[in-house]
Amino acid sequence: MRKALFETIKIENGKVFNLEWHNKRLNKSRLELFGEKNDLQLEDYIAPPPKGLFRCRVLYNAKILSVNYFPYTVKTIKNFKIVKSHIDYHLKYDDRNELNKLLETALNYDEIIIEKNGLLTDTTIANIAFFDGADWITPTTPLLEGTTRARLIKEGFLKLKEIKKENIKNYSYFALMNAMIGFQIQKSINIRQ
């Protein structure tokens, strides 16, 4: 059975964010999984609500299966636990059971940071970055190449580097990034190793 994938796209007061990067990931995934060489353009399928902040969820395989809009509220995350795993989530699959099981292993924590092959990767919902006093650093090997991360790397804002949990003490700030929150510096957080 062929797997379904999805894109999460921010829409605020009728404006659709980061479409270029969502189109790139969608079409790259369609080519890899289904051999589809004809690119789709998400703007042909999205009818943005005119008022409010929405999470647009586009479900697809070789073709667009559905487009749904959900009012969005930012989730507050204060406590992180580093969890080891060998999970493969290089494509944004609709089936997130493995990610949810990992999150369940960290009772009493809001979110996890996944460590794979000795390197920090992502949380279950966002890419990560650390500030070293001069630059914002993001892991060279994320679980999923997020659209916000891709754009910020291309713009030169993020630098790539392997990050081990032992390195966390060398950084002064920590940030999460995804399509809905953009690049968000976290304040008053706890990361438990």
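Every number in this text was worked out from the coordinates using simple rules, so none of it is lab data. All of these numbers come straight from a predicted model, not from anything done at the bench. FYI the Cβ positions are ideal-geometry reconstructions off the backbone, even for glycines, and counts take in every protein chain you see.
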**Prompt:** Within the range 111-125, is even one residue crowded, with 19+ Cβ neighbours inside 10 Å and more than 22 Å from LYS84 (Cα to Cα)?
**Reply:** no
**Request:** Mind listing just one residue for me: the one in the range 89-104 that is touching a residue at least 24 places away in the same chain (Cβ under 8 Å) and over 11 Å from THR124 (Cβ atoms) and, of those, surrounded by the fewest Cβ atoms within 10 Å (Cβ to Cβ)?
**Result:** ASP95
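Do we have any residue at all in the range 127-144 that's over 19 Å from ILE168 (Cα atoms), buried (at least 17 other Cβ atoms within 10 Å of the Cβ), under 17 Å from the mean Cα position of the chain (by Cα) and hydrophobic (A, V, I, L, M, F, W, C)? Quick ask: steps written out before the conclusion?
Just the residues of the range 127-144 that are over 19 Å from ILE168 (Cα atoms), to begin with: 144.
Subsequent filtering for residues that are buried (at least 17 other Cβ atoms within 10 Å of the Cβ) retains 144.
Add one more test, that the residue is under 17 Å from the mean Cα position of the chain (by Cα), and what stays is 144.
Filter once more, keeping what is hydrophobic (A, V, I, L, M, F, W, C): 144.
Yes.
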**Fill in**
Sole miss for VAL74 among (1) over 17 Å from ILE125 (Cβ atoms); (2) aliphatic (A, V, I, L, M); (3) within 17 Å of the chain's Cα centre (by Cα) is condition (1)
